[in-house]
Amino acid sequence: MAANPTSDLPCADSLRERLTDIYDRLLAAYGPQRWWPGSGGFETVAGAILTQSAAWPNVEQALERLRAAGALTPEAILSLDEAELAQLVRPSGYFNAKARKLIAFCNMLRREFSGDLHSLLALPAQELRGRLLSTYGIGPETADDIVLYAAAKPSFVIDAYTRRIFSRLGIAPQYEDYESWRSMFMVALPVNATMFNEYHALIVRHAKVSCAKRPDCARCVLQGICATAADTAQNAVPVDRSGASFQNASRTQETNA
Ligand code: SF4
């Protein structure tokens, strides 16, 4: 059953105002995060695949090993055998599975786009997302990472940090599935790749600085508009309403991130 992401919220205008207000506060507090600025291309795609269940510094190690081996292109990936590739991406964890996923992506690219990444990334955002989702090993978060950060097209990325922060703020879709969360942002916000890029990066930053597993509400820039902070002020225990596991959240090594 399709979710109506705004059904438990006052109205779309109100949700838009709240999401925009949160974005403005985070941007004012942390400044532009400059994620994957201008790198684009296959390195961004590989990073999006390797970052699944991995800390970002470990992904950077894996990317560096691929670069040093001259294997940071689809053609080079396909010239390696799977075991060899797995060893190169070993620092990112789940290296056998990730090697298979990289190979599957490169095979799809060769089979359907003559190996031309630009042709794939030039597809309209929704078509690109659908193509990625039908490729082995690419789930919605990875697909949205690629659409947003490799193709620079608007697709809001949902991760465990997003669910954690917005659940605590008291803003959540009616249903917990990925598409309901994504729709909540996509419907309420202006469709703007630059903003989506920055918003997701700010969410990750905020999850590390303040809204970690144990939230630091006293020093949080969102304290004045947060449902959990209000609960805490009345001696309630801070809650994680998202139900998500953050142990494997990407781009962090911090024990309380
Ligand atoms: S006030 Fe606390 S729970 Fe709310 S966003 Fe900030 S750190 Fe998270």
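Values quoted throughout were computed directly from the atomic coordinates according to the rules given, and no laboratory measurement underlies them. Since the model is a prediction, treat every value here as computed from it, not as a measurement. We place every Cβ from the backbone using ideal geometry, glycine too, and count neighbours over all the protein chains shown.
Once both labels are positioned 7 Å from their Cα atoms along Cα-to-Cβ, the gap between Tyr178 and Arg111 label points is 2.0 nm. When +1 charges are put on Lys and Arg Cβ atoms and -1 charges on Asp and Glu Cβ atoms, the dipole computed for the stretch 1-157 relative to its Cα centre reaches about 200 debye. Given Ala122, Pro91, Ile77, which one lies farthest toward the positive end of the charge dipole of the stretch 71-131, if we put +1 on the Cβ of every Lys and Arg and -1 on the Cβ of every Asp and Glu? Value computed over the given set: Pro91. Think of each Lys and Arg Cβ as +1 and each Asp and Glu Cβ as -1; about the Cα centre, that makes the dipole of the stretch 74-201 roughly 180 debye. Taking Cβ atoms as reference points and 13 Å as the exclusive limit, the residues near Leu88 contribute a net charge of 0, counting Lys and Arg as +1 and Asp and Glu as -1. Taking a straight Cα-Cα cut-off under 20 Å and skipping sequence neighbours fewer than 8 places away in the same chain, the aspartates and glutamates within cross-link reach of Lys213 are Asp159, Glu176, Asp231, Asp240, Glu254. Each of Thr194, Thr142 was scored by other Cβ atoms within 10 Å of its Cβ. Listed from fewest to most, they are Thr194, Thr142. Between Tyr23 and His118, the FRET efficiency from the beta-carbon distance, with R0 = 35 Å, is close to 0.70. If R0 is 25 Å, the Cβ-Cβ spacing of Glu43 and Val191 corresponds to a FRET efficiency of close to 0.45. The phi-based Karplus calculation (6.51 cos²θ - 1.76 cosθ + 1.60; θ = phi - 60°) puts the 3J(HN,Hα) values of the stretch 114-124 at 6, x, 8, 4, 4, 5, 5, 5, 7, 4, x Hz, whole numbers, x for Gly and Pro.
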